[in-house]
1. So which of 71, 89, 82 ends up being under 30 Å from residue 301 (Cβ atoms) and free of Cβ contacts under 8 Å to residues at least 40 places away in the same chain?
2. Could you list all residues from the range 257-279 that are within 20 Å of the chain's Cα centre (by Cα) and exposed (fewer than 14 other Cβ atoms within 10 Å of the Cβ)?
3. Return the residues of the range 137-170 that are touching a helix residue (DSSP H, G or I) at 6+ places or on another chain (Cβ under 6 Å), at pLDDT 95 or above and either more than 10 Å from residue 181 (Cα to Cα) or in a strand (DSSP E or B) (or both); say none if nothing qualifies.
4. So which of 144, 161, 245 is farther than 30 Å from residue 283 by Cα, touching a strand residue (DSSP E or B) at 6+ places or on another chain (Cβ under 6 Å), buried (at least 18 other Cβ atoms within 10 Å of the Cβ) and touching a residue at least 12 places away in the same chain (Cβ under 8 Å)?
5. Among the listed residues 254, 282, which satisfies the condition of being within 22 Å of the chain's Cα centre (by Cα), part of a helix (DSSP H, G or I), touching a residue at least 12 places away in the same chain (Cβ under 8 Å) and closer than 13 Å to residue 27 by Cα?
6. If I ask for residues that are touching a residue at least 12 places away in the same chain (Cβ under 8 Å), farther than 16 Å from residue 4 by Cα and either touching a strand residue (DSSP E or B) at 6+ places or on another chain (Cβ under 9 Å) or not in a helix (DSSP H, G or I) (or both), which ones from the range 33-59 would you list?
7. Considering 234, 191, which residue is in contact with a helix residue (DSSP H, G or I) (Cβ under 6 Å, 6 or more places away or on another chain) and assigned to a helix (DSSP H, G or I)?
């Protein structure tokens with residue numbers, strides 16, 4: 001919940017007239033050292049404690065005042081989740097969209113494998129998030145590979161994958177996941193994929209793409225955003241052709257690509273180039289801010305042949 005807190009504090013502080021002198025704003029964390037990030041985390045915890053104790057702020061207030069929370073709630077509305085839905089969320093991660101899905105639907109199954117080194121402790125974070133927002137009665141977790149979902153055919157009426165497909169290994173894995181998602185859908189159920197696409201409509205989105213490109217090149221675990229045409233092609237190769245697609249642009253910092261550049265893991269000839277790209281991208285964010293690029297929403301309805 002730390003990132004949510006760092007994003008939400010300026011809005012909450014303004015509402016309750018809390019002094020933020022010396023507080024490092026979220027966009028200023030790009031390119032900072034681990035020590036500077038830890039200090040920001042400590043400051044964040046102190047301010048949140050004050051807001052919780054003195055102003056009766058809740059974790060729901062934090063979530064709904066963060067860019068991440070606002071974007072996930074907007075996506076849940078635009079996707080069309082409904083009160084009676086049982087939702088399988090593929091790639092639930094830390095639970096950011098799980099929270100919004102639970103708010104709009106009857107039940108959510110959060111599926112993720114979380115077996116990468118960079119995701120150590122994420123199931124704990126997921127469960128803490130769900131508990132802090134009092135959603136344990138509506139949410140269950142399922143550790144599994146999305147390419148082999150351990151559920152029967154026609155099990156749920158909604159399958160969603162929000163900001164997830166770029167974390168899969170490659171295009172073949174994405175196509176396999178799409179087929180599996182379609183398999184577990186009930187008749188007339190809907191599969192929805194929401195993912196950023198590599199276009200920028202302002203300087204803050206250009207800065208986001210520059211830093212995310214750097215992350216994909218010099219860190220581990222992310223594919224660069226696919227174009228609309230590339231995503232549609234993967235759906236077609238998975239055997240699905242009746243596809244509804246639209247692009248939304250919330251202009252929020254909804255998928256912040258913060259990472260530390262560890263040059264010790266790079267080949268020597270790449271270090272100088274990587275450092276320059278990292279510093280230049282961080283400077284863009286300090287100058288223009290950072291907001292996520294537009295999001296492509298793909299929706300497929302399952303019909304029996």
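1. Just a single option satisfies the conditions, and that option is 82.
2. The answer is 260, and nothing else.
3. Correct list: 138, 139, 159, 162, 165.
4. On inspection, the qualifying residue turns out to be 161.
5. 282
6. Once the filter is applied, which keeps residues that are touching a residue at least 12 places away in the same chain (Cβ under 8 Å), farther than 16 Å from residue 4 by Cα and either touching a strand residue (DSSP E or B) at 6+ places or on another chain (Cβ under 9 Å) or not in a helix (DSSP H, G or I) (or both), the range 33-59 yields only 33.
7. 234
The values are calculated or read from the model by the stated rules, or taken from the named source; none is laboratory data. All values derive from a computational prediction rather than experimental measurement. Every residue, glycine as well, gets a Cβ built from its backbone with ideal geometry; the counts of neighbours run over all protein chains shown.
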